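Some notes on the structure that comes next.
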């Protein structure tokens, strides 16, 4: 199949020179970008399909550096006035404990549909708690690209959340790090490079105290290195977590991992809100990456604008990507909303208009995110030879009328409402106002029913579920 998209008003290539092409044409062949050229005309008879790109603008597909696919049924269920640890132990964990394989699969499909509508073409998922094969199969059927795995933890809570049975504890927590790592290795060997290479499997763990042991943190990265894949986990997610580790072990969470050889270039740390300058030096020296989730920080009060050192990480040469987190933490799966926050929040917090900005935010959600996932040889920019993963914006939408700089317009003015099409691997997965590979109406109906049932089983309700937990302090 050979496709021509001609007369594009602009193409933001996000290549090494950040080229912006006007009145451009893009040729797609075999799922890849064959040619990208400004103001070039091609013989139309040499193509199987020709698309008039007039009034369209193109960007690379957005890449989510940290998401929980299976958490999507918990949208707007948890209160927004909880500290991180209360949020985790009194709400998130009970929700997951009462979520079965079908619930998780429905939530994951719902997440992917939302992502495609929001221009996201690839993601780094923390992994399935129940059925990895089911999630991988869904990624394949829907046509997306992503990294997933088996979500793993090995330290049971001293006081299990209300409603947890012994069976639930046994399912959600491996007996020890050795057992967990064996299971994670099987997942990588079975699913890495599935779906014609669109799925990659990593050695993913929950991370952070008190859910994951030091042995699991360090062992996950070493196992990933042996298997030639990556690993990701939560660390330094809040000041409460960092203070608790310092009091218990006399070290910051990052320093503790580093002292035991746990940092490395194949590690992506999610959040890393509460870190020190020394932590940044350690991470940068090990070429460790970070996934920053601005909306989750804003919603949960993690303190990114006050204590976050993401500009310093970038200045130190670290790769920092952007994540949406799960919908219960961040509220939605729109990377466009995240880019808006990233571009401006540090300008405002530090009263310096030169910090980050639209150009850097867009790179963090595209080519630099591809580098974080080890996929930048194939995705993240509009260049010949790369996979045809891209977004087409409707420039007749009110958000674009009129506009000057398309890069600023994408980050500060536009939203998913003006996305006309989202392509992955040379296929328009979202177009004509719907996701082409899903029955969204049926999915929505099942999602509502299953979400309500989980909430009933878990007994989650404002006024009945504790808002304070001793683990917070």
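The values are calculated or read from the model by the stated rules, or taken from the named source; none is laboratory data. Here the structure is a predicted model, which is why all the values come from computation and not from measurement. Backbone-built Cβ (ideal geometry, glycine too); neighbour counts: all protein chains shown.
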### Task
Kindly provide the set of residues from segment 21-31 that are closer than 18 Å to residue 379 by Cα and either surrounded by 16 or more Cβ atoms within 10 Å (Cβ to Cβ) or without any contact (Cβ under 8 Å) to a residue 60 or more places away in the chain (or both), ordered by number.
26, 27, 28, 29, 31
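Checking the condition surrounded by 22 or more Cβ atoms within 10 Å (Cβ to Cβ), modelled with pLDDT of 95 or more and over 21 Å from residue 391 (Cβ atoms), which residue from 309, 289 passes? Can you show your working first?
Values: 309 fails: surrounded by 22 or more Cβ atoms within 10 Å (Cβ to Cβ).
Answer to the selection: 289.
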### Message
Looking for something modelled with pLDDT of 95 or more, at positive phi and under 20 Å from the mean Cα position of the chain (by Cα) - is there at least one such residue anywhere in segment 99-118?
### Response
no
### Query
What single numbered condition from (1) surrounded by fewer than 18 Cβ atoms within 10 Å (Cβ to Cβ); (2) over 16 Å from the mean Cα position of the chain (by Cα); (3) assigned to a helix (DSSP H, G or I) fails to hold for residue 345?
(1)
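Please find, among 37, 76, the residue that is free of Cβ contacts under 8 Å to residues at least 24 places away in the same chain and either assigned by TED's automatic domain parsing to the domain that holds residue 151 or surrounded by fewer than 23 Cβ atoms within 10 Å (Cβ to Cβ) (or both). Spell out the reasoning first.
Details: 76 fails: free of Cβ contacts under 8 Å to residues at least 24 places away in the same chain.
Residue meeting the stated conditions: 37.
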### Query
Which of the residues that make up segment 379-400 are in a loop (DSSP other than H, G, I, E, B) and free of Cβ contacts under 8 Å to residues at least 60 places away in the same chain?
397
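Of these, 44, 55, which one is exposed (fewer than 14 other Cβ atoms within 10 Å of the Cβ) and in contact with a strand residue (DSSP E or B) (Cβ under 7 Å, 6 or more places away or on another chain)? Spell out the reasoning first.
Numbers: 55 fails: exposed (fewer than 14 other Cβ atoms within 10 Å of the Cβ).
So the residue among 44, 55 that is exposed (fewer than 14 other Cβ atoms within 10 Å of the Cβ) and in contact with a strand residue (DSSP E or B) (Cβ under 7 Å, 6 or more places away or on another chain) is 44.
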### Query
If you take the residues in segment 156-175 that are touching a helix residue (DSSP H, G or I) at 6+ places or on another chain (Cβ under 8 Å) and within 19 Å of residue 220 (Cβ to Cβ), which one is surrounded by the most Cβ atoms within 10 Å (Cβ to Cβ)?
174
